[in-house]
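Bear in mind that the values in this text are calculations on the coordinates, not laboratory data. All values reported here derive from a predicted model rather than from experimental measurement. Neighbour counts are summed over all protein chains in view; Cβ atoms, including those assigned to glycine, are modelled from backbone coordinates with ideal geometry.
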Amino acid sequence: MKAIVWLIVIVVVIWAGWALLDKAPEAEAGPIMIGFIGPLTGDAAAYGEPERDVVALAVEEINAAGGINGRQISVIYEDGKCDGTASASAAQKLVNVDKVQAIIGGFCSSESLAAVPIAAAGKVFLFSPGSSSPDLTGINQFFARNYPSDASQGRVMADVLYAKGMRNVAFIQESKDYPLGIFKAFQARFAELGGEVVKEEFPTDSTDFRTSLTKLKAGKPDALFVDAQTPAAADRILQQVQELGWKTQILLNDAASDPALITKYAKLLEGAMFAEFGYDATNSKFAALATAYKAKYATDLPWQSYSQTYYDSVYILAEGIKAVGYEGEKLATWVRTVKDWPGASGNVSIGSDGDVVGGHSARVIMDGKATPLGQ
Amino acid sequence: MEIFVQLLLNGLIAGSLYSLLAIGFNLFYGTVKFFDLAFGTIALVGSYATLSFLKNLDLPLLISVMGGILVGAVLNVIIYKLVYVPIRARKGSNMVLLVTSLGVFTILQSLLAILFSSQFQTLRSAGYVPHIFHIYGASVTSVQVLMIALAVLVPIVMHFILKRTKFGRAVRAIGDNEEVASIVGINTSKVIGGVFFISAALSGLAGIMNGLDRGIEPYMGLALLLKGIIAAIVGGIGYLWGGVLGGFVLGLIENFGTWYLPSEWKDAIAFVVLIIFLIFRPRGILSK
């Protein structure tokens with residue numbers, strides 16, 4: 001009896017070992033599995049969900065045109081929740097369980113910063129079309145992005161404000177990597193020019209800003225910079241600024257430049273300024289994207305600055321796979337050779353530090369609409 | 001001067017929310033003596049019910065608010081009958097009831113997130129800007145004035161109910177000693193059901209006012225519960241006016257505290273106050 005049990009055990013072990021080892025070589029003819037990390041729940045889902053749709057649209061287009069070398073692309077979407085911990089687990093799953101070689105994401109800088117070490121350890125290429133924290137510049141050879149660093153946003157805003165004669169700026173900043181990055185970039189440049197910055201930080205799900213705003217207001221600053229991670233948070237802050245009856249020059253970051261938000265607070269935001277990585281509506285690929293998005297999802301293309309980079313990221317990745325094959329390390333090296341690649345976001349060049357070449361430009365809000373700031 | 005008045009108002013506004021929560025918490029904790037972790041989320045159930053009435057059924061504000069409070073209160077009574085009564089009948093310890101309430105809390109929170117999405121939503125109708133009053137240079141909105149007024153009126157009404165009505169006497173009797181109360185002929189099950197109803201109504205009111213002033217999202221339940229508990233402990237646990245006092249004390253300390261400290265320490269201040277009270281005066285400021 002015991003002998004039979006041992007026989008069964010040996011058979012099972014050999015069979016399991018065979019099955020596991022047999023899986024090691026990648027199925028060369030199956031679909032190419034790419035990972036995606038972005039905020040699909042929470043306040044930041046306002047960005048994450050449309051960008052997931054843009055990626056799905058691009059993948060559909062590429063697959064319809066024959067895929068990559070005959071293989072179809074398939075995306076595994078994971079929820080990063082705009083949070084380091086959730087993004088780290090998502091990255092773990094994609095790298096170790098799904099065994100992807102490339103991940104498009106994160107959107108929030110917190111997501112990317114948390115996923116970079118995991119992707120690097122698994123030799124997986126992490127390509128972000130949305131993370132803008134200056135801390136991501138040159139962080140790792142496996143990371144690259146086609147969205148510019150906020151070092152540019154902070155600098156542009158500091159230059160614009162100083163030129164307008166402001167010397168004292170108050171920040172209300174969410175305690176997350178992206179808003180912190182903008183604050184640090186702004187403060188560095190503004191202090192260099194001779195200005196002063198004060199800030200109040202708040203944790204993400206805060207709803208009561210009255211005392212923080214009262215404190216900042218008491219310092220009589222020349223301007224208030226609303227530096228939040230999401231439009232929802234900026235909405236809560238602006239509502240309380242309005243209720244406190246505080247009339248001052250308001251500045252926003254590009255995450256808060258949501259047209260719905262600008263319309264809602266049109267009176268309060270008259271003359272407010274922000275900097276964004278703009279988009280060119282006359283770019284033919286961009287126009288094609290906008291039309292295709294509207295046709296497929298029955299709504300106008302939102303967050304144009306990000307949608308264009310998300311769209312491009314899929315195509316850039318596809319071109320990389322065609323050029324060097326689907327392998328993380330090779331893709332990460334290849335992407336740094338991309339020069340003047342024509343995309344929906346313009347001519348894309350990625351530098352040796354993984355950052356895209358290009359930057360932000362200033363906008364002013366007049367009559368409820370954002371227009372370029374003539375300088 | 002203007003800043004001091006603004007901070008005072010900020011403290012009163014926050015304090016009124018905490019007071020309403022603490023009153024509801026003290027009512028049922030004083031009676032059944034266990035922590036109901038779902039307390040904060042029940043407040044959200046009422047708020048989301050109001051949101052549905054307002055946005056999906058287009059009912060007027062007052063009716064939606066009352067309907068929302070009713071929904072939250074009835075749900076709490078149903079949970080009491082289905083979940084807590086059987087456990088208490090089997091003489092389940094307070095630890096068991098606490099863990100059960102954790103389960104209820106998790107289920108309710110997830111249901112709310114599934115039904116209403118985890119986005120932050122406001123109960124205000126689009127475009128509604130509340131009237132702003134200016135006092136000595138400080139600003140306060142009509143919604144906030146109403147919150148402070150309720151935080152004063154509700155305890156007065158509750159005091160009357162507890163001291164002058166038969167129901168109130170039964171509640172106090174059960175709070176003193178449940179076994180003796182049932183021996184002398186009080187229908188403890190029914191009275192405790194009533195307690196669950198009223199405490200959920202109070203927390204629902206608090207949640208709705210907060211939703212009108214700022215907004216709601218499904219994961220706020222725990223934060224509301226914790227603030228309510230801190231306010232109740234600081235002011236005097238199980239005691240009506242203790243909850244009121246604790247709520248306002250907490251609100252004022254938080255807001256004056258963030259004047260001197262960076263504002264990300266706001267929640268930390270609340271917990272430091274709690275720890276100080278637990279060490280030096282666990283009974284709270286007032287006691288029965």
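Computed from point charges on the beta carbon alone (+1 for Lys and Arg, -1 for Asp and Glu), the dipole magnitude for the range A:151-276 about its Cα centre is near 400 Debye. Summing charges over all other residues whose Cβ lies under 14 Å from the Cβ of B:VAL249, with Lys and Arg as +1 and Asp and Glu as -1, gives +1. When both the range A:209-274 and the range A:318-375 are represented by their alpha-carbon centers, they are found 29 Å apart.
May I ask which of A:LYS81/A:LYS164; A:LYS264/A:LYS285; A:LYS176/A:LYS217; A:LYS369/B:LYS266; A:LYS264/B:LYS55; A:LYS215/B:LYS55 have a Cα-Cα span longer than 27 Å here? As for pairs spanning more than 27 Å Cα to Cα, those are A:LYS81/A:LYS164; A:LYS264/A:LYS285; A:LYS369/B:LYS266; A:LYS215/B:LYS55.
Of the residues B:ILE161, B:ILE208, B:ILE237, the one that moves most in a GNM of chain B with alpha-carbon contacts below 10 Å is B:ILE161.
For chain A, a Gaussian network of Cα nodes joined below 10 Å ranks A:GLY278, A:GLY42, A:GLY328 by mean-square fluctuation, and the top entry is A:GLY42.
Of the residues B:LEU97, A:PRO117, B:ALA43, the one whose Cα sits farthest toward the positive end of the charge dipole of the protein assembly as shown, with +1 on the Cβ of Lys and Arg and -1 on the Cβ of Asp and Glu, is B:LEU97. Helices assigned as whole DSSP H runs in chain A whose Cα atoms extend at least 20 Å along their own long axis and whose mean Kyte-Doolittle hydropathy is 1.0 or higher are found at A:2-23. Could you tally the net charge around B:LEU97, taking each other residue with its Cβ under 15 Å from the Cβ of B:LEU97, Lys/Arg +1 and Asp/Glu -1? Net local charge, B:LEU97 excluded: +3.
Taking chain A as a Gaussian network of alpha-carbon nodes connected by springs under 10 Å, the highest mean-square fluctuation of the residues A:PRO342, A:PRO148, A:PRO129 belongs to A:PRO342. Legend: calculated FRET efficiency, B:TRP259 to A:ALA19, from the Cβ-Cβ distance at R0 = 60 Å, rounded to 0.05, equals 0.40. Checking the a/c ratio against 1.5 first, then a/b against b/c, what shape does the Cα gyration tensor give for the protein assembly as shown? Oblate is the answer for the protein assembly as shown, as a/c is 1.5 or above yet b/c matches or exceeds a/b.
Going by neighbour counts of Cβ atoms within 10 Å, the residues B:HIS134, B:HIS159, A:HIS360 line up, fewest first, as B:HIS134, B:HIS159, A:HIS360. In this rough spin-label picture, where each label sits 7 Å from Cα along the Cβ direction, the B:LYS33-A:ASP98 distance is 5.3 nm.
Rg over Rh for the range A:70-126 works out to 0.97, both radii taken from alpha-carbon positions and Rh defined as the Kirkwood radius.
Taking a sphere under 13 Å around the Cβ of B:VAL77 and counting the other residues whose Cβ falls inside, with K and R at +1 and D and E at -1, yields a net charge of +1. Rounded to whole Å, the principal axis extents of the Cα atoms in the range A:136-185 read 42, 23, 13, largest first. The chymotrypsin sites (Phe, Trp or Tyr not before Pro) of the range B:129-237 that DSSP puts in a loop, and whose beta carbon has at most 15 other beta carbons within 10 Å, are B:TYR136.
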